[in-house]
Amino acid sequence: MFDLDKFKKKNICIIGLMGSGKSMIGKDLSKYLNFKFYVSDKEIEFKTKKSIQRIFNEEGESYFRDIEEETCKELLTKNNCVISLGGGSIINKKIRKLIKQNSYSIYLQVKLKVLVDRLKYSKQRPLLNKNTKNIEILKQLYENRKIFYEKADFIVNNNNDKNLVLEKIQSKFKLYAE
């Protein structure tokens, strides 16, 4: 089985843009590894007793990013778990430092057109605007974040079949288990 000690890491984190499948893949991966699973946005909602959308609407993005930093710093020090990080958390230098220090990072790379299709009915994405072209918003977010996403320990394409993605991750882990 995959041993994080070989990498001198405490946990596994999943990064990528919104809609890339971080929570879905992370949940299944945690079951496979028999690790605890966390979603940073869900932890923020639990802590604040508000939805992410409501936090953005009432307090603004800056306030959200402060809570996100605090929450991610707590999560990224945990052992033997899989953590699905919010898509924008990677822009925070302190969070990136903790990822590099403590986490085996997996970037779920997805084509922008696939993301737009996945997100077209979502009402829980505060950075998307229903009055403009979401592909332009996603393209800008990707351009601002790709330099950080691409520094992940493992990059896997998640455009189609989640089972195929999980198999690729599991195969990667099996290489290191031997």
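The values are calculated or read from the model by the stated rules, or taken from the named source; none is laboratory data. Bear in mind that the values here come from a model prediction, so they are computed numbers and not experimental data. Neighbour counts run over all protein chains shown; Cβ positions are idealised from the backbone, glycine included. The protein model used for the area step is the full one, side chains on, heavy atoms only, and it has no ligands, DNA or RNA in it. Shrake-Rupley method; radii C 1.70, N 1.55, O 1.52, S 1.80 Å.
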**Q.** Paramagnetic reach from Phe154 (point 7 Å along Cα→Cβ, amide N under 17 Å) across the range 104-118
**A.** 104-110
Q | Inter-label distance for Lys100 and Lys113, nm, one decimal - labels placed 7 Å from Cα along Cα-to-Cβ | A | 3.6 nm
Q) Just the accessible area per residue of the chain, please: how many Å² with a 1.4 Å probe? A) 56 Å²
(Q) Tell me which of Leu138, Tyr38, Ile67 sits at the most positive position along the dipole axis of the chain, charges placed on C-beta atoms (Lys, Arg +1; Asp, Glu -1). (A) Leu138
Q | Efficiency of FRET between Lys146 and Arg65 - r from beta-carbon atoms, R0 22 angstrom, step 0.05 | A | 0.70
Q. Given the range 57-106, what whole percent of its Cα pairs are spread farther than 15 Å?
A. 42 percent
(Q) Can you give me the % of accessible surface on the chain that is carbon or sulfur? Probe 1.4 Å, all protein chains present, nothing else counted. (A) 49 percent
Q | Over 21 Å between alpha carbons, listed pairs Lys6/Lys93; Lys113/Lys151; Lys73/Lys93; Lys8/Lys111; Lys93/Lys133 | A | Lys6/Lys93; Lys113/Lys151; Lys8/Lys111; Lys93/Lys133
Q. Using a simple charge model, +1 on the beta-carbon of Lys and Arg, -1 on the beta-carbon of Asp and Glu, nothing else, what dipole does the chain show about its Cα centre, in debye to the nearest 20?
A. 140 debye
**Q.** Cross-link reach list, aspartates and glutamates versus Lys47, counting only Cα pairs under 14 Å and skipping chain neighbours closer than eight places
**A.** Asp66, Glu68, Glu69, Glu70, Glu74
Q: List the residues of the range 11-36 whose backbone N lies under 15 Å from a point placed 7 Å from the Cα of Asn57 along the Cα-to-Cβ direction.
A: none
Q) What order do you get for 46-59, 101-114 when each peptide is scored by the mean count of other beta carbon atoms within 10 Å, highest first? A) 101-114, 46-59
Q | Using distinct alpha-carbon pairs, which all enter the 1/r mean, Kirkwood radius of the chain in Å | A | 16.5 Å
Q | Descending Cα extents along the principal axes, the range 1-74, whole Å | A | 45, 23, 21
